[in-house]
Structure formats: structure tokens, C-alpha cells
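Read through the structure below, which is laid out as C-alpha cells, and then see the notes.
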Amino acid sequence: MNRQQAIGIIDSGVGGLTVAREIFQQLPNEKLVYVGDNARCPYGSRSADEIRAFTYQMIRFLEQFSIKALVIACNTAAAVVLEELVGQSDLPIIGVIEPGARAAISASRSGRIGIIGTETTVRTQAYVRALRRINPDLYFASLACPAFVPLVEGQLLETEEAHQIVTESLEPLKREGIDTLILGCTHYPLLAPLIQDAMGNDITLINSGEETALGLSNLLAIHDLHAASGSVEPTHRFFTSGDPQVFKEIGDQWLNRKLFVERFLPE
């Protein structure tokens with residue numbers, strides 16, 4: 001590994017762009033190679049074996065780019081495979097769960113924290129375990145929101161249907177007395193305005209992207225892998241197993257830059 005190699009990012013679809021955006025802002029000298037598995041998204045209702053297989057396929061695809069670090073931007077994939085990946089790889093690897101948990105604890109005033117995520121992320125209690133490792137005395141309320149990812153991937157963010165689904169889905173959390181809500185799927189920040197409207201302005205929403213980018217920066221520093229600054233802007237590459245045009249439309253808007261999106265064909 002050397003400093004000028006790229007950082008790999010994998011996600012079940014476009015959600016990891018919320019992490020990529022934070023990396024662009026915090027680490028402007030780094031080049032990224034992003035792989036989104038849109039064709040098989042969402043991961044949240046899939047089995048652990050499927051999620052593991054899909055994740056390893058994306059990682060093997062990234063091997064051709066000789067990446068220097070890996071970001072698992074998909075909460076569901078991180079919940080299933082992050083620990084085993086870290087244990088068997090020499091590559092610096094970071095997920096989004098631990099950074100999100102730390103940010104939530106810092107933000108919460110009452111110690112009552114809500115977590116929304118996919119069915120798998122909620123079922124594995126990955127966030128609850130991460131939060132309890134830091135502070136076992138916190139109160140947690142978790143809720144699976146399986147309808148949210150299809151709203152993002154289907155480009156339905158600004159529809160009345162999205163507003164209704166988000167409002168109705170989050171109703172149980174409004175009775176829990178939380179003051180902080182972890183958006184436990186990287187797709188969910190794209191729905192943040194609707195989620196905030198449904199929960200109320202007194203609820204702090206936690207997007208783990210910012211903390212993940214900070215954690216990535218610390219990881220690169222530990223391994224002396226920060227890219228050297230230069231006069232040429234880094235070249236990024238984006239791949240999807242789905243429709244490149246749909247990915248590009250979402251990415252152009254969310255990242256405020258024009259993307260060239262290539263096809264990733266799973267094995």
C-alpha cells in the first residue's frame with residue numbers, strides 16, 4: 001500500500017454516497033473507487049449468507065484497483081461481516097456503525113437514543129452493541145424501516161408517497177421519548193428532511209457519514225497513508241450493478257458534481 005492509492009467504498013446502492021460526500025469534504029486529496037450493488041438492493045431483508053457473499057464479491061472487484069483502505073458504507077453489510085473482515089485482512093477497514101454510535105452519544109442530552117435501520121441491521125443489534133460498549137446505561141429504541149431504501153433507490157424522495165410512508169413508519173418512535181435518532185442506513189440521510197419533519201425539530205438526527213470520514217482520516221494517519229496534496233484534483237471512479245444513468249442522476253445531485261458511472265457485473 002502507498003499513499004497515492006485509492007480508498008474503496010462499498011454499499012448496497014446509492015446510500016454510501018452520503019459517506020463519500022463527507023470524505024470529499026474532509027479528505028479532498030484522496031481518490032475514491034465506489035461500488036454500489038443497486039441491482040440487488042436492498043440488502044436489509046436478505047439472509048446473512050447472501051449479504052456476506054455480495055459483500056465479498058464487491059471487495060474482490062475492488063482488488064484490481066489496489067486500494068489502500070476500505071469503507072463498508074452499508075450498515076447491513078457492516079453488521080454482518082465487518083468483524084470477520086477486520087480479523088482476516090491486513091487492509092485498513094472501517095464501517096459506519098461505531099462512528100455513528102459515538103456521534104449519537106455525544107449528541108444526546110437525555111441518554112435516550114433511537115435507531116432506525118434495515119431489518120438485518122436492527123435484528124443483529126449492531127448499533128445497540130456498539131452503544132452499550134461505550135455506555136451501558138443508555139436507553140435504546142430500535143425500529144426497522146424496510147420501506148425507506150426503495151424510496152431512495154426509486155427516486156421518490158419528493159413525493160407525497162414518501163412523506164406518508166416516512167411519517168407512518170416512524171410513529172412508534174415518537175412514543176419513546178428519545179432526543180437523538182441514528183439514521184442506521186446510509187440511504188436514510190437522503191430522506192433526512194422527511195424524517196426530521198416526522199420526528200420534530202427537537203430530535204437530533206445522526207448521519208454517521210461525518211464521523212466515518214473522521215474515523216477514516218484517523219485510520220489513514222495511523223498507517224501513514226494520507227495522500228499527498230497536489231495541484232491535480234483526484235480522479236474518482238463509480239461503479240454500479242444497476243442502471244448507471246439512475247445512479248448518475250442521484251449522485252450528480254447529492255455530490256454536486258458530474259459523475260461518470262461504470263457497470264459492475266457481479267460474479
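With respect to the conditions (1) surrounded by 18 or more Cβ atoms within 10 Å (Cβ to Cβ); (2) without any contact (Cβ under 8 Å) to a residue 12 or more places away in the chain; (3) hydrophobic (A, V, I, L, M, F, W, C), ALA221 falls short on a single one, namely (1). Could you tell me whether the range 148-163 includes any residue that is aromatic (Phe, Trp, Tyr), surrounded by 21 or more Cβ atoms within 10 Å (Cβ to Cβ), touching a helix residue (DSSP H, G or I) at 6+ places or on another chain (Cβ under 8 Å) and within 30 Å of LEU225 (Cα to Cα)? No; the residues of the range 148-163 include none that is aromatic (Phe, Trp, Tyr), surrounded by 21 or more Cβ atoms within 10 Å (Cβ to Cβ), touching a helix residue (DSSP H, G or I) at 6+ places or on another chain (Cβ under 8 Å) and within 30 Å of LEU225 (Cα to Cα). A single member of ALA53, ALA77, ALA73, ALA39 is crowded, with 23+ Cβ neighbours inside 10 Å and farther than 26 Å from ARG3 by Cβ, and it is ALA77.
Among the residues making up the range 48-73, a single one is at pLDDT below 95 and not in a helix (DSSP H, G or I): SER66.
Residue under question is ALA221, and the condition is that it be in a helix (DSSP H, G or I) and under 28 Å from PHE24 (Cα atoms); does it hold?
Answer is yes for this residue.
Condition check: surrounded by 22 or more Cβ atoms within 10 Å (Cβ to Cβ) and either aliphatic (A, V, I, L, M) or over 21 Å from the mean Cα position of the chain (by Cα) (or both). Does VAL122 satisfy that? Yes; evaluated as a whole, the condition is true for this residue. Within the range 96-144, the set of residues being without any contact (Cβ under 8 Å) to a residue 60 or more places away in the chain, not hydrophobic (A, V, I, L, M, F, W, C) and not in a loop (DSSP other than H, G, I, E, B) comprises SER106, ARG123, THR124, TYR127, ARG129, ARG132, ARG133, TYR139, SER142. Of the candidates ILE178, ILE182, the single residue that is in a strand (DSSP E or B), assigned by TED's automatic domain parsing to the domain that holds ALA126 and surrounded by 14 or more Cβ atoms within 10 Å (Cβ to Cβ) is ILE182. Here is the figure for the range 53-66: residues that are closer than 25 Å to ASN207 by Cα and touching a residue at least 60 places away in the same chain (Cβ under 8 Å) total 2.
The values are calculated or read from the model by the stated rules, or taken from the named source; none is laboratory data. Here the structure is a predicted model, which means the values were calculated and not measured. Cβ: placed from backbone, ideal geometry, glycine included. Neighbour counts: every protein chain shown.
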